[in-house]
Amino acid sequence: MPSTPKRPAQAQDRLFTGTQESGEFRFDAAVARVFPDMIRRSVPGYTTIIPMIEVITDQYARPGSNCYDLGCSLGASTLAMRHGINHRNCTLTGVDNSPAMIERAEHHIALDDHSLPVSLRCEDILHTELQQASVTTLNFTLQFVPPDRRTDLIRRIAGASIPGGALILSEKIRFESDAEQAIQTRLHHEFKRANGYSSLEISRKRSALERVLVPETLAQHQDRLHAAGFSEVIVWYQCFNFVSMLAIKSP
Ligand code: GEK
């Protein structure tokens, strides 16, 4: 009897187990190889947020509009958007500036059976041309954009959004209160420990990300979104120091 083909096991993230210094975190080939395992075990709520991106996209995608996934990595959020778009005359574009991510994303998208074409672009989202956008997703990407470039990017997204258009913005955040910051950070680290990361791996990854991932407060995000032209800004999800917001341009 022919045996059922097994799906290859997901490559496990062991990048920070070694003893030598790993330097600053980069989205290179080594990270891209283990990325699904890394993000699932590191970001509380990621496995809930991805399917909800499909639900939200279904509500806001409009016929004849464009949808964008900015910082798409391997395409998990792009595929969620693809399945939420129920209009054939929409476009969907995934953008990432890591060639290793885009190369793997192409395989992931090709294995998916949905018929809506996805165009993948390897470029800096700061240079991506945006227009007639009904749904734009920044799922844990803005936190990697230099802080002094974030306002311009959010303004451009708001400017390119159609009336009633949506931005899904997921971010690691920091807290005004030192006490809350300490509690939420501890809970996040406990989440990682429960997912099999050692204290050493957690602290080495934290140092590698120090200058690369710069979290802001929820108020900073909300103020920036309102100032850019989004009239409604709601937090639809939070788990510890990770939140996802939905910003809507007035209809
Ligand atoms: C997911 N959304 O699975 N231009 C383009 N890409 C960028 C830039 C930039 N300026 N800065 C960072 N990136 C995905 C997860 S991961 C989040 C997103 C994480 C890309 C970077 O190469 C990486 O692939 C992605 O943004 C962030 O839902 O690793 O925590």
Sorted largest first, the Cα spans of the range 111-251 on the principal axes come out in Å as 46, 40, 26
Please give every one of the aspartates and glutamates within straight-line cross-link reach of K249, meaning a C-alpha to C-alpha distance under 13 Å, and leave out same-chain neighbours fewer than 8 residues apart.
-> E232
Could you pull out every residue, at least 5 positions away or on a different chain, whose amide H is within less than 5 Å of the one on F230? Hs are placed 1.01 Å off N in the peptide plane, and Pro or chain starts have none.
-> none
Average Cα contact separation per residue, the range 168-240, under 8 Å, 6 or more apart, as relative contact order % | 45
Calculate, in nm to one decimal, what V235 and S115 gain on full extension: separation in residues at 0.36 nm each, minus their alpha carbon distance.
-> 40.1 nm
Sorted from fewest to most neighbouring beta carbons within 10 Å, what does the list C72, C239 look like?
-> C239, C72
Take the alpha-carbon centre of the range 41-98, take the same for the range 132-185, and report the distance between them in whole Å.
-> 15
Quote the relative contact order of the range 111-225 in percent (integer), defining contacts as alpha-carbon pairs under 8 Å separated by 6+ residues.
-> 32
Could you run the Karplus curve 6.51 cos²θ - 1.76 cosθ + 1.60 with θ = phi - 60° over the range 35-45 and give me ³J(HN,Hα) per residue in whole Hz, x for Gly and Pro?
-> 4, x, 5, 4, 6, 5, 8, 10, 10, x, x
Using a/c under 1.5 as the rounded threshold, could you call the range 68-140 rounded, prolate or oblate? The axes a ≥ b ≥ c are square roots of the C-alpha gyration tensor eigenvalues, and prolate needs a/b larger than b/c, oblate otherwise.
-> oblate
Label-point separation, F144 to V34 (7 Å along Cα→Cβ), nm | 1.6
Classified through the alpha carbon gyration tensor (a ≥ b ≥ c as square roots of its eigenvalues; rounded if a/c is under 1.5, else prolate when a/b is larger than b/c, else oblate), the chain comes out oblate
Would you kindly state how much longer the chain becomes between S177 and N195 on full extension, computed as 0.36 nm times their sequence separation minus their alpha carbon distance, in nm to one decimal?
-> 3.8 nm
Taking the chain and dividing mean pair separation by its residue count, relative contact order in percent (alpha carbons under 8 Å, at least six apart) = 21
Based on DSSP, what percent of beta bridges with both residues in the chain are antiparallel, to the nearest 5?
-> 40
Using the Cβ atoms and a cut-off under 12 Å, what net charge is assigned to the surroundings of V95, where Lys and Arg are +1 and Asp and Glu are -1?
-> -4
Taking only Cα atoms and a 10 Å spring cutoff, compute GNM fluctuations for the chain and point out the largest among L142, L209, L169.
-> L209
For K192, the aspartates and glutamates lying under 18 Å Cα to Cα, once residues fewer than eight places off in the same chain are dropped, come out as D13, D37, E171, E201, E210
The range 41-134: GluC sites (Glu not before Pro) in DSSP loop, at most 16 other beta carbons within 10 Å | E123, E129
At what distance in nm do the modelled label points of H87 and A227 sit from each other, each positioned 7 Å from its Cα along Cα→Cβ?
-> 3.1
What ³J(HN,Hα) values, in whole Hz, does the Karplus curve 6.51 cos²θ - 1.76 cosθ + 1.60 give for the range 123-135 when θ = phi - 60°, with x put for Gly and Pro?
-> 7, 6, 5, 5, 10, 6, 6, 10, 7, 6, 8, 9, 9
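Any read-out appearing in this document is the output of simple, stated calculations on the displayed coordinates, not a laboratory observation. All of these numbers come straight from a predicted model, not from anything done at the bench. We place every Cβ from the backbone using ideal geometry, glycine too, and count neighbours over all the protein chains shown.
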